[in-house]
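Taking it in order: structure first as structure tokens, then the write-up.
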Amino acid sequence: MDKNNEHQRPLTAQESDEMWASVISRIRDQENKKRKNRLVRLSAVSVAAVLLICCFVVYRLSSTPTSYFAAEHDLTVTLKDKSKVTIYKGGRLVLGRNFPQQTREVFLEGNALFTVSKSKKHPFIVHGTSYETKVLGTVFKVIQRGKSFHVDLFEGKVEVNKRDSPKAIFTLHPKESFSNMGNEKIVTIAPTNKNTAKVNMDATLSFNETQVQEMLSIIETTYGIKVRFPMSIAHTIITLESKDSTAENLLERIAIQLNLKIKKRNDHTFELEE
């Protein structure tokens, strides 16, 4: 028989079945390989997703700030650096993300009493609503109400500054109090003991573009005195800083700046005259 005719002869039923069985087997092998590769890829993606989720959870746990809230009662907490803080009712304390390994920064809403453990490496910084208090180791109390900011220092030494004026630093010593008297343009530092004779005490006061009427009211409150003045100067704006001054010395500086005369009527009454 001619070889060309032999190649062209029809397949028998058995040969046809064997051929299709071979084709189907190869197709199934390819599909199985694809399915295995797909499962391997899916497994790898799943493992990667699980690892990513685990890393995210660990990151969130390590980076989320610790927060303490005194909801219904005063709350006393001991921080990781052994500092103790009493957060007064309604107050909230949030620790910085790196507290205390790299920094000792906390953020305070409301009022709190701090007993800070000593550290030569990291100062303890309390970020208030508008002011910052910086210490190395001390006992002090921070009181915030609206625009009012007040610090009582019992032990050690602290530095207070406005958050937007970091170079204007005011230093407190034991038994001294810092207050802005509810006005961010005013600073007073005076003895904490309210029973101390105030008229002759030394106090630090700073006024930035403040009306004379408001300034003299702060001086009266700080020193426990009465100051009479002509109403013609009540709304005059002046800037003045006086460190460790008595009431009389401070009023003399104001009188000079306003071109006025000062008279002392008695131990607790002064008068500014044109």
Computed label-point distance, nm, for sites THR246 and GLU274 using a 7 Å Cα→Cβ extension = 3.0 nm
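Per the Kirkwood formula on distinct C-alpha pairs, the Rh of region 84-212 is how many angstrom? The partial results should precede the final answer.
Values: mean 1/r = 0.0661 Å⁻¹.
Averaging 1/r across every pair of different Cα atoms and inverting gives 15.1 Å.
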Between region 78-138 and region 225-255, the Cα center-to-center distance that results, in Å = 36 Å
Report, largest value first, the span of the C-alpha coordinates of region 93-143 along each principal axis, in whole Å.
-> 27, 23, 14
Spacing of the two label points (7 Å from each Cα toward its C-beta) at LYS261 and ARG92, in nm = 5.8 nm
Can you give the three extents of the C-alpha atoms in region 150-228 along their principal axes, from longest to shortest, in whole Å?
-> 36, 30, 17
Hydrodynamic radius by Kirkwood for region 194-274, inverse mean 1/r across distinct Cα pairs, in Å, is 12.6 Å
Loop-resident sites, region 170-274, for trypsin sites (Lys or Arg not before Pro), counting at most 10 other Cβ within 10 Å (DSSP) = LYS194
Within region 62-139, report the GluC sites (Glu not before Pro) that DSSP leaves as loop and that have at most 16 other Cβ atoms within 10 Å.
-> GLU72
Could you look at region 55-205 and say what percent of its accessible area is carbon and sulfur, using a 1.4 Å probe and all protein chains?
-> 52 percent
Evaluate E = 1/(1 + (r/R0)^6) for ILE125 and GLU220, where r is the Cβ-Cβ distance and R0 equals 51 Å; express this FRET efficiency to the nearest 0.05.
-> 0.95
Please compute P(r) over all alpha-carbon pairs of region 125-176, binned at 5 Å starting from zero, and give each bin as a whole-number percent.
-> 5, 22, 34, 25, 13, 2
Along Cα→Cβ, 7 Å out, is where each label goes; now give me the distance between the ones at ARG253 and GLU155 in nm to one decimal.
-> 3.3 nm
What chymotrypsin sites (Phe, Trp or Tyr not before Pro) does region 81-141 have in DSSP loop regions with at most 10 other beta carbons within 10 Å?
-> none
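The values are calculated or read from the model by the stated rules, or taken from the named source; none is laboratory data. Quick caveat: nothing in here was measured; it's all calculated off a predicted structure. Neighbour counts run over all protein chains shown; Cβ positions are idealised from the backbone, glycine included. The accessibility values were calculated without ligands, DNA or RNA, using every heavy atom of the protein model including side chains. Shrake-Rupley method; radii C 1.70, N 1.55, O 1.52, S 1.80 Å.
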